[in-house]
Structures are given as C-alpha cells and as structure tokens.
1. Over the stretch B:1-64, calculate the relative contact order: mean separation of alpha carbon pairs under 8 Å at least 6 apart, over the residue count, as a percent.
2. Going by C-beta contacts inside 10 Å, put A:82, B:46 in order with the fewest on the left.
3. Using the Kirkwood radius over C-alpha pairs as Rh, can you work out the diffusion coefficient of chain B via Stokes-Einstein at 37 °C, viscosity 0.692 mPa s, in µm² per second?
4. How big is the gap, in Å, between the Cα center of the stretch A:1-59 and the Cα center of the stretch B:76-100?
5. Give me the tail of P(r) for the stretch B:48-92 as a percent: Cα-Cα pairs with distance above 13 Å.
6. Please state the Cα pair-distance histogram of chain A with 10 angstrom bins from zero: what percent is in each bin?
7. Between A:73, A:87, A:28, find the one with the highest GNM mean-square fluctuation for chain A; connect C-alpha pairs within less than 10 Å.
8. Using a 10 Å cut-off around each Cβ of peptide B:40-47, what is the average number of partner chain Cβ atoms that fall inside?
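Please treat every number below as a calculation from the coordinates, not as lab data. Note that the coordinates shown come from a computational prediction; the quantities given were computed from them, not determined experimentally. Glycine gets a Cβ as well: all are built from the backbone with ideal geometry, and neighbour counts include every protein chain shown.
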C-alpha cells in the first residue's frame with residue numbers, strides 16, 4: 001500500500017533556531033514529492049517540488065532533500081520565525097495514469113518566542 | 001503560480017439544511033477538480049474527483065447523495081452538502097488540476113478551504 005509517513009508528529013522550537021522534518025514514503029511508481037505549508041484554517045501552499053533526479057531544492061529559508069533510493073525526504077527550516085508555525089505536509093505523487101496524490105499526516109510546528 | 005479560490009471561506013448552517021461551496025480556478029482551465037475534507041489535526045482526505053462535464057468519482061465511504069459535486073465548466077466546481085448534520089462540520093478544501101504544458105497531467109493547486117459548521 002502506498003503510504004507517506006512523517007516525523008515528528010509535532011515539534012516546538014525557539015524562534016531563530018533551525019529544525020528538520022522527516023518524510024518516508026513507499027509510493028511507487030514515484031512522480032514527484034512536494035512539501036506544503038498549511039496555516040491553521042487555510043489551504044496548503046506549496047514550498048518545494050522535487051522529482052526523482054533532484055537531491056536538494058531551496059526556497060528561501062526552506063531546503064528540501066530527497067533520497068530516491070531510500071525513499072526519504074527532509075525539510076530543513078533555517079532561522080525559524082514565529083510565522084513558520086504551521087503544519088507541514090509531505091505529499092508524493094504517483095507516476096500512474098491517474099497521478100494520485102498520497103498525503104502524509106503532517107508535522108505540526110510551533111515556533112515560540 | 002496558479003490560483004484556486006473557494007467561496008465562502010466560512011459558513012454556518014443549521015442541521016437539515018443544504019450548503020453549497022464553490023471552487024474556481026482563476027487563471028487556468030481545470031480539467032480535473034478534487035474535493036478534500038480535513039478534520040482537526042488530521043491530513044487531507046480525498047472525498048471525490050470530478051472531470052468537467054462528467055459525473056464525479058467518489059472515494060469509498062463518501063456518500064454521493066449527500067455530497068453532490070458539479071463540475072459544469074473548466075473553471076468551476078461546486079460541492080453541495082445536503083441535509084447537513086453536525087458531524088459534517090469540517091474544513092473542505094478543493095484542488096484543481098490543469099493540463100501539463102507539454103504532456104500528460106499538470107500539477108494540483110489547492111484552494112484556501114471552507115470552514116463548515118453545522119449547528
């Protein structure tokens with residue numbers, strides 16, 4: 001069964017600190033992997049998208065990595081800000097005719113002052 | 001990037017009434033639209049998929065007679081929750097997918113969500 005697992009489930013860090021969120025997946029065949037940020041009461045917003053051949057991609061203070069061999073991805077947040085408090089969702093797209101999205105359960109990040 | 005809007009952003013309705021939620025792709029034609037439901041502290045759960053001009057495909061366990069989906073044009077899909085009950089209270093998110101610029105299927109873009117509260 002295609003699954004996406006994220007860890008930790010929740011995380012509290014101090015403002016200014018860095019953190020890394022993990023995503024392991026079993027989705028096959030693989031098309032791409034996206035990290036989304038979802039603020040409370042809002043829809044998901046894409047942070048990064050990575051295909052099979054990409055190892056690292058950055059978007060400002062967000063850096064995503066992908067190891068397609070071990071089927072692992074991480075999202076590193078540098079110099080966290082209070083506005084980074086949100087849920088971060090890892091989503092893998094199947095490389096099938098329907099291109100279904102498989103969602104992780106998310107990591108809830110709280111950045112405290 | 002592509003923009004998807006939803007209306008309303010919040011709605012409160014009484015038990016037994018129906019409520020309609022609109023989803024629009026603002027700057028691209030969405031060949032496929034998706035409706036998700038999200039309960040507190042949980043991830044998005046796909047409810048149904050609709051292609052323009054055809055009947056929606058519902059996920060297992062989702063009542064098609066309760067959640068009516070209409071995808072009448074390439075830029076508009078509606079979800080109608082009929083005879084709403086308090087357990088239908090949730091966050092509903094739509095997503096739209098257009099054609100890939102070169103081949104195959106494009107990416108999905110998410111709307112901002114609609115908070116439904118049934119009293």
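1. 23 percent
2. Fewest-to-most Cβ neighbours within 10 Å comes out as A:82, B:46.
3. Translational diffusion coefficient: 230 µm²/s.
4. 24 Å
5. In whole percent, the share of Cα-Cα pairs in the stretch B:48-92 beyond 13 Å is 57.
6. Over chain A, the share of Cα pairs per 10 Å bin runs 15, 49, 29, 6, 0 percent.
7. Highest fluctuation of the listed residues: A:28.
8. Mean partner shielding for this stretch: 5.
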